[in-house]
Amino acid sequence: MGELAFTKMHGCGNDFIFIDCLNGVNRDLEKLAKRLCDRRFGIGADQLLTVHPSKVADFKMEIYNADGGQVEMCGNGIRCFAKYVRDHGLTQKKELAVETLAGIIRPRLVGNLVEVDMGKPILEGRKIPVNADGKILDYPLEVDGTTYRVSCVSMGNPHCVVYLDDPDSLDLQRIGPRFEHHPFFPNRVNTEFIKVITPEEIRMRVWERGAGETWACGTGACAAAVAGALTGRNGRKVTVHLRGGDLLIEWRDNNRVYMTGGAEEVFQGTVKI
């Protein structure tokens, strides 16, 4: 039995365990994620993020959900990633290229915040993916006996955006899995439940596939901003209020989505493995 060094971080309450794998890794990361992310028997986190060398970027980031499944992208995670590699002396750069399963993502340290070029939204149904063609905007979808009007966007991972009058009263533990595992979504889905406050301000709760309700989701905030702009509910620059804090999302004229928010280190430690 040995010891494994880790760092705990969060972005708007979306929390992560970081492990440095730059010198290689001899662990089953899926099993390790399930163990370490457990909030009763492990360290506790929404996801395990690992740092690897890359042949096409400055670093490679791998993302493992609390259920052990690997996923393409995490917006809050990429902000924490940028702060982690800088604060731990792994780079002196303030602008990074990070390889992910969703492509190369480019975070930039701006004072105490991190701005991330999240790339272009994917709007074609089969590429999100959902089991329908074309743009999925205010699309009628029956879930658990109720018909919702949903809008779907991929930000490297699939999102379903739902508008409600009062998302705070939603029984998310019940309805979240019904969306996640709905046959309309062949790769499962992250679901954002949105209340529009003004065209410049929305409030959001999120159910993340493989993690459950989290306090924030960066790619989800981007997807919600894009869906709202396309359906006329908000402008192309919007503040998203999440349970763990606020994110500023801007869908610029170059068709790329930019996310700005904080990233915090909580503590460092070692765990027996």
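The values are calculated or read from the model by the stated rules, or taken from the named source; none is laboratory data. Note that the structure is a prediction, hence the values are computed from the model and not measured. As a convention, Cβ positions derive from the backbone with ideal geometry for all residues, glycine included, and neighbour counts pool all protein chains shown.
The table below lists the values:
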{"quantity": "Single condition GLY228 does not satisfy, out of (1) surrounded by fewer than 24 Cβ atoms within 10 Å (Cβ to Cβ); (2) modelled with pLDDT of 95 or more", "calculated": "(1)"}
{"quantity": "Residue satisfying condition, being in contact with a strand residue (DSSP E or B) (Cβ under 7 Å, 6 or more places away or on another chain) and surrounded by 22 or more Cβ atoms within 10 Å (Cβ to Cβ), within set VAL189, VAL196", "calculated": "VAL189"}
{"quantity": "Every residue from region 58-101 that is under 12 Å from the mean Cα position of the chain (by Cα) and of a type in the set (Asp, Glu)", "calculated": "GLU72"}
{"quantity": "Filter result for ARG209 (farther than 21 Å from GLY262 by Cα, of a type in the set (D, E, K, R) and not assigned by TED's automatic domain parsing to the domain that holds CYS37)", "calculated": "yes"}
{"quantity": "Of all residues making up region 237-273, the number that are buried (at least 16 other Cβ atoms within 10 Å of the Cβ) and not in a strand (DSSP E or B)", "calculated": "4"}
{"quantity": "Positions within region 122-161 being in contact with a helix residue (DSSP H, G or I) (Cβ under 8 Å, 6 or more places away or on another chain), surrounded by fewer than 21 Cβ atoms within 10 Å (Cβ to Cβ) and part of a strand (DSSP E or B), in sequence order", "calculated": "LYS135, VAL143"}
{"quantity": "In region 14-30, residue nearest to the chain's Cα centre (by Cα) [restricted to those that are among the hydrophobic types (A, V, I, L, M, F, W, C) and at pLDDT 95 or above]", "calculated": "PHE16"}
{"quantity": "Any hit, region 1-16, residues being surrounded by fewer than 11 Cβ atoms within 10 Å (Cβ to Cβ) and more than 29 Å from LYS55 (Cβ to Cβ)", "calculated": "yes"}
